[in-house]
Each structure stands twice: as structure tokens, then as C-alpha cells.
Amino acid sequence: MATAVNGPVSYFPSIEKKYGRPIAEWKELIRTSPLTKHMELVSWLKSEHGLGHGHANALVAHTLAEKADE
């Protein structure tokens, strides 16, 4: 039986489908941005790349959590 996917990762398939870019590309954009604060990054993804709030938030939350684990 497949395990249910929860949290930010649950948004990833719809993000790739809707915006046509793999998650790795979005995460690289976030990591290389001069912005560092969560909401700054969310606002940037929304205004510059046309993402919806939930999708932008999921990408930023997951990417920043990975960075914190390093």
C-alpha cells in the first residue's frame, strides 16, 4: 500500500503540471535568490513567476527546511 504524501511535498505534482518546471528548478531558483526570508521568497515567486500562494509557500517551506537540515 502506498504511503500518503503530506506537507509541502504533496503540492509538488500539481506545481510541476501547472507551471511546467520540475521541482528541482524551482528549488534552485529559491536557493540562488538573494532573498532569504520566507515571505519575501513567497512574494517573489508569486510576482515574478506567477505562482499561487499555496504553491509558492510549499516550495519555499520545503527548500528552507532542507537548508536548515544541512
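The values are calculated or read from the model by the stated rules, or taken from the named source; none is laboratory data. In this text the structure is predicted, and so the values were computed from the model without any measurement. Methodologically, a virtual Cβ is constructed for each residue, glycine included, from the backbone with ideal geometry; neighbour enumeration extends over all protein chains shown. The area values use the complete protein model at the heavy-atom level, side chains included, leaving out ligands, DNA and RNA. Shrake-Rupley method; radii C 1.70, N 1.55, O 1.52, S 1.80 Å.
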Within the stretch 1-40, residues part of a loop (DSSP other than H, G, I, E, B), under 16 Å from residue 67 (Cβ atoms) and modelled with pLDDT of 95 or more come out as 33, 34, 35, 37
Given the criteria of a type in the set (Ser, Thr, Tyr), assigned to a helix (DSSP H, G or I), open to solvent by less than 80 Å² (accessible area, probe 1.4 Å) and modelled with pLDDT of 95 or more, does residue 43 qualify?
yes
Within the stretch 46-64, the residues that are in a helix (DSSP H, G or I), touching a residue at least 12 places away in the same chain (Cβ under 8 Å) and within 11 Å of the chain's Cα centre (by Cα) are 54, 55, 56, 57, 58, 59, 60, 61, 62, 63, 64
